1. Leaving ligands, DNA and RNA out of it, report the carbon-plus-sulfur percent of the accessible area of the chain at a 1.4 Å probe.
2. For the chain, build the charge dipole from Cβ charges (+1 Lys, Arg; -1 Asp, Glu) around the Cα centre, then report which of V321, S238, F492 sits farthest towards its positive end.
3. Filter K166/K343; K298/K359; K408/K505; K104/K298; K416/K505; K398/K461 down to the pairs with a C-alpha to C-alpha distance above 28 Å, please.
4. Of the peptides 123-130, 112-119, how do they stack up when ordered by the mean number of other Cβ atoms within 10 Å, highest first?
5. Once fully extended, how much extra length lies between L377 and R28, figured as 0.36 nm per residue of separation less the alpha-carbon to alpha-carbon distance?
6. Relative to the longest principal Cα axis of the chain, at what angle does helix 33-46 sit, 0 to 90 degrees, rounded to 10?
7. Let me have the relative contact order for the chain, percent, based on Cα pairs under 8 Å that are six or more residues apart.
8. Just to be sure I understand, if you calculate Kirkwood radius over Cα pairs in Å for this structure, which of (1) 26.3; (2) 24.1; (3) 29.1 do you get?
Amino acid sequence: MSINCGSPMKNSTQSTTARDFPVEPGFRYPIDRQKLDQLRARKQRDGADFPKIGILIVAYNASQLLVETLRRIPVETMEIIEEIFVFDDFSTDDTFALARKQEKLPAWSSKLRAYRNERNVGYGGNQKIGFDYARKRGMDFVILLHGDGQYAPEYLADLIYDAIEKNHDAVFGSRMMNRWHALRGGMPLYKWVGNIILTAFENMVLGLNLNEFHSGYRMYSTKLLERIPYADNSNGFSFDTEIIIQCHAQGVVPCEIPIPTYYGTEISRVNGIPYAIRICFAVVFYRMHQLGIVNSPKFRAVWGPRYRFKASQFSSHGRVVSQVKEGSTVLDVGCGRGWLAEKLAEKNCRVVGVDREPKAAVWQGLDEYHQTDAEQLDWKTQRRFDYVLLADIIEHIKQPGALLTEAKKYLNPGGKIIASTGNVALWYYRLSLLTGHFNYGPRGILDDTHVHLYTLDTFEKLLKENGYRVTKRTYTNIPFELIFRSTGRTPFMRAVDWTYYTLVKLWPRLFAYQTILEAEPVNPAAAERSERAA
């Protein structure tokens, strides 16, 4: 059984043995005394430096179950938490009155606080209010607990232990680490199957390996919440998935621990099919946002390098590598971290790189590396090359004509440039303009660092106006490999890639994501004679 844990984005695997999960209604689950004792000892040792932990209980029409949920919180756990705050989402029963009554009892008076929203704000909206409250109260961590008893309060210490002792920013209780336990615990079969299918789809799109995306038993550090624009998320049940996506954008993979499953008399308010549709839309929308095809403020926090190597044979990177002849000498202008150079080296090419990246961050197998701004037109090499690569850089250059002119100086006789850029006339942007939208994003064709945008025709015109003759044109797919991390690994995704590329070949101006032009300098006099003859 594996657990994916992370503060930085990485998948780590460790073994765990879950306590046996009894499923009898009203059963109080066994407490992990060893973890509790370690936490209590640490609190006694650290004193005021021990993290402040708040428990957010979200409740709506939970009068029959809320009191029992509170009473099941172990006394020993109460010793290590700072505050329990119940947020009643404008219930129509006496949930709030019962919470206030518990608040006045001696056992709770120092730590329990009950609040009632002025209107019903929804499951996600209630979490937003609770998270804001936790941050204002100076909490270091906040645990989400449902007021209907579906998630075992006896396991609070398990969440706290992994967050504090193992230094995780997000810890989730997962009912699906042993799927059969979930069925034994009364999870309806249709929910069990739906949970598995949705989680598999979300893992595929996001490139994660979580056992469950849909548990509502969670612990977050407030430092993480401060970096996440959760206020922009849905007020509904898709909030939980959207915040996982935002964790992904921050480079955080939640740690999962096994928890028991219990379905009793609580009323499910999740409408299954619409919920599933919203979840699928959210994860795909996030990937499209990362590509720059769409733009969403709630996903703006992008983790990791701004640009990534695209290995697909239909991508600009894959096609550029395939067009360079084996054993060539190459000047890679705007080489980034050396992704293209590394692949070209496998073809026995000798590559010189030019970029602003620090040398330590660039692939060390380059023949030479010159840290300089490509737009300064001082590339600090005296060599000549068979190819000058201008891959996905021209759109960043204020004076692209000067760049193209400079590139000629570095070509051997018979040498060529290979230049690529995005196609702003892609079908999606045409539809966006029809609806009045044209949004820049963190990467992709509408990357907010681009200073020029091109169609297939205007890009070719740019090269011709600056003394080049285009000798080869190729086009690329939308990079599905960055939307669906499993592209190329499954028959379905290979079929998607090939099907879309068929559309690209039939109508490149509409369907091509990028254009790649191979061109050679022409003698001005010869070019003038050719134009007159035409």
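The values are calculated or read from the model by the stated rules, or taken from the named source; none is laboratory data. Quick caveat: nothing in here was measured; it's all calculated off a predicted structure. Cβ sites come from the backbone with ideal geometry, for glycine too, and all protein chains shown count toward neighbours. Ligands, DNA and RNA are stripped out before the accessible areas are found, and what is left, the full protein with its side chains, is counted by its heavy atoms. Shrake-Rupley method; radii C 1.70, N 1.55, O 1.52, S 1.80 Å.
1. 52 percent
2. The Cα lying farthest towards the positive end belongs to V321.
3. K166/K343; K298/K359; K408/K505; K104/K298
4. Ranking, from highest mean packing down: 123-130, 112-119.
5. This chain segment gains 118.5 nm when fully extended.
6. The helix 33-46 is inclined about 80 degrees to the chain.
7. In percent, rounded to a whole number, it is 13.
8. Entry (1).
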